[in-house]
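Heads up, the thing below is written out as C-alpha cells.
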Amino acid sequence: MTVATEKKRTRMAPHARAKAIVEAARGIVLQEGLANMTMERVAEAAGVSKGLIYAYFPNLTTLLREVYARESRALGRAHMAVLEKPLSFEEMARATAQINRSSARDKQLLIKRLSADPTVAQAMDAVRNEDKKRVLDILVQQVTANYAIPGPVARKAVMLALGFDQDDEQSQDDEQMDQIWGAMMSGAMQELEKRYQAHAAEEKL
C-alpha cells in the first residue's frame, strides 16, 4: 500500500522567508496583475502556510508596498555602486542615466500594475519622493564638487536635468529656472557641436 507523504516546507531564516514571500508576490503581479491576487495565492506561490505569511505581512497592501520598496532599494544600491567608483563627472552621469533607463524598462509593468491599488500607489509616491531627494542630494554634491556653481543653482539645474517637478521644492523662482535651463541647453549644444561637428561635416560630403 502506498502512503501519500506531505511535502515538507524548507526551513528558512526569517529574512530569507520574507524575501521569498516578496519575490512570490512580485512574480504574481507581473504575471497576473492584482485582480485575483490574495494573500493565500502568495502563500501558495512562496511555499508557506496561510498563517505564516501573516506573521510577516499583516495584509496585502503592506506586502505590495514592500514589493515596490524592494525594487526602489535595489535601484538605490545600483546608484550608490556607481558613485563609489572612481569615475569622472560625465562618466558618472552617463552610468546613472543608463541605470535609470534600464530600470524604467524593467519596472514599467510592475509599477503600472502596483499603481492600480490606490493605497499602494500612495505609498509608492512616498517612496519615490524619498528616492528622488536622495538622488538629488547626491548629484548636487557631485556638481558642486566638480564645478564652481552655487549650491542652490546646482540643485535647480539637477532638478531640470532629471525632469523633477518644481513642486518638489519650495520657493522656486520660475524666471531663474528658465535662465538656468537656457544656460544648460546652450552649454550642452556647444559641447555637442565640438564633439560632433567633424562627423556632421563628413555627412555633408
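Checking ILE111 against (1) closer than 30 Å to THR144 by Cβ; (2) surrounded by 13 or more Cβ atoms within 10 Å (Cβ to Cβ); (3) under 17 Å from the mean Cα position of the chain (by Cα): exactly one of these is not met. Which one?
(1)
Among (1) hydrophobic (A, V, I, L, M, F, W, C); (2) in contact with a His (Cβ under 7 Å, 6 or more places away or on another chain); (3) within 22 Å of ALA16 (Cβ to Cβ), where does ILE99 come up short?
If we test ILE99 against (1) hydrophobic (A, V, I, L, M, F, W, C); (2) in contact with a His (Cβ under 7 Å, 6 or more places away or on another chain); (3) within 22 Å of ALA16 (Cβ to Cβ), just (3) comes out false.
Collect the residues in the stretch 169-205 that are modelled with pLDDT under 85, part of a helix (DSSP H, G or I) and open to solvent by less than 70 Å² (accessible area, probe 1.4 Å), keeping them in residue-number order.
Correct list: ALA198, ALA200, ALA201.
Quick one: how many residues across the stretch 28-49 are hydrophobic (A, V, I, L, M, F, W, C), exposed (fewer than 15 other Cβ atoms within 10 Å of the Cβ) and within 19 Å of ALA18 (Cα to Cα)?
Total satisfying the criteria: 1.
The values are calculated or read from the model by the stated rules, or taken from the named source; none is laboratory data. Only a predicted model underlies this, so the values are computations on that prediction, with no experimental measurement involved. Because the Cβ atoms are built from the backbone with ideal geometry, glycine has one as well, and the counts that use them run over all protein chains shown. The accessibility values were calculated without ligands, DNA or RNA, using every heavy atom of the protein model including side chains. Shrake-Rupley method; radii C 1.70, N 1.55, O 1.52, S 1.80 Å.
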